[in-house]
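Beneath this line is the structure, given in structure tokens, with notes to follow.
The values are calculated or read from the model by the stated rules, or taken from the named source; none is laboratory data. Quick caveat, the model's predicted, so the values are computed rather than measured. As a convention, Cβ positions derive from the backbone with ideal geometry for all residues, glycine included, and neighbour counts pool all protein chains shown.
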Amino acid sequence: MQKLLTAIISALTSLLVVFLTSVLTTYRENKAQRRRERERVNLTYLNPLRFYLVENHFRLSEILRRVSEEGGRCEALLFVDDPKEISQQNAEWFNGQGCYLISSCYLTACLFHQMRKVRDALPFLELGKNDDTELMVRMTKVNLGFLRDFGIFYLTQPSIGNDMFLREEARLISYREFCQLLQDPERRVWFDRLLEYYIESGRGEKLARVNDALSAMQELSRFLDDAVGGGESIKERFESEGIKAL
């Protein structure tokens, strides 16, 4: 009888060990899968958005400082008076006088693409509880910041972002390709509000909307920093240039 009881206990113990091992293995595999999925989401969606938020925040902050220091104007943005003139420029102009204006527009167009990309994928990102709603709200604030005072129209922004992406090659267009796009009047016209936004900013006009966009980008950037477990990306970008963040 004692031997039978011992055998039963031994068998039950073995079954329990097998069960617990299976549960633990499944838990570890699921945890690893969630970690890999989080890394994929960060790499594909959140980190690219963080990068362009930081670069746009830095550039717009720089423009505000230059306007303040240069007597109410940022001359580097003012080598043309009208977007139509941009289509008449050659490659040398885009790499010289026009570079600050066009590169500013390029960075913002890339930001619009990344926000559109995240918005389209939001139902599948599996963020934390209520994080998807908060992310949408904060991105919308950025859109509205650029829209304010007859800026870049709300529906134009994702359209610009869409035109920045080459689907057949699965990549953003380069700065050079962006310049070539603007040399075509029929394609450039869809970017005119973006170009005018920066030309008007260079004239020191409607700067309240620039401050609105900066505040909204700061909020979204902080949210993303927390979401990916990173540092204060905007602050670190300014520090890398030896500048104190606004």
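Summary of values
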read-out: Subset of region 165-208 [closer than 13 Å to L101 by Cβ and small (G, A, S)]; value: S201, G202
read-out: Check on M164, in contact with a strand residue (DSSP E or B) (Cβ under 6 Å, 6 or more places away or on another chain) and surrounded by 17 or more Cβ atoms within 10 Å (Cβ to Cβ); value: yes
read-out: Scope region 225-246; condition outside any helix (DSSP H, G or I) and of a type in the set (A, V, I, L, M, F, W, C); matching residues; value: I243, A245, L246
read-out: Looking only at region 71-100, and only at residues there that are assigned to a loop (DSSP other than H, G, I, E, B) and out of contact with any helix residue (DSSP H, G or I) (no Cβ under 9 Å at 6 or more places or on another chain), the one that is nearest to A213 (Cα to Cα); value: G72
read-out: One residue from F146, F238 being under 28 Å from I86 (Cβ atoms), under 19 Å from the mean Cα position of the chain (by Cα) and of a type in the set (F, W, Y); value: F146
read-out: Hey, V54 crowded, with 17+ Cβ neighbours inside 10 Å, within 21 Å of the chain's Cα centre (by Cα) and modelled with pLDDT under 95 or not; value: no
read-out: Residue within region 226-237 that is within 18 Å of F112 (Cβ to Cβ), at pLDDT 90 or above and buried (at least 17 other Cβ atoms within 10 Å of the Cβ) present; value: no
read-out: Condition met for R222 (surrounded by fewer than 14 Cβ atoms within 10 Å (Cβ to Cβ) and either touching a residue at least 24 places away in the same chain (Cβ under 8 Å) or in a helix (DSSP H, G or I) (or both)); value: no
read-out: Complete set of residues in region 165-198 that are in contact with an Asp or Glu (Cβ under 9 Å, 6 or more places away or on another chain) and free of Cβ contacts under 8 Å to residues at least 60 places away in the same chain; value: L166, I173, L181, R187, W190
read-out: Among the candidates E169, E200, residue that is acidic (D, E) and surrounded by fewer than 16 Cβ atoms within 10 Å (Cβ to Cβ); value: E169
read-out: Condition broken by D120, with the remaining ones in (1) in contact (Cβ under 8 Å) with a residue 60 or more places away in the chain; (2) exposed (fewer than 14 other Cβ atoms within 10 Å of the Cβ); (3) within 22 Å of A216 (Cα to Cα) satisfied; value: (1)
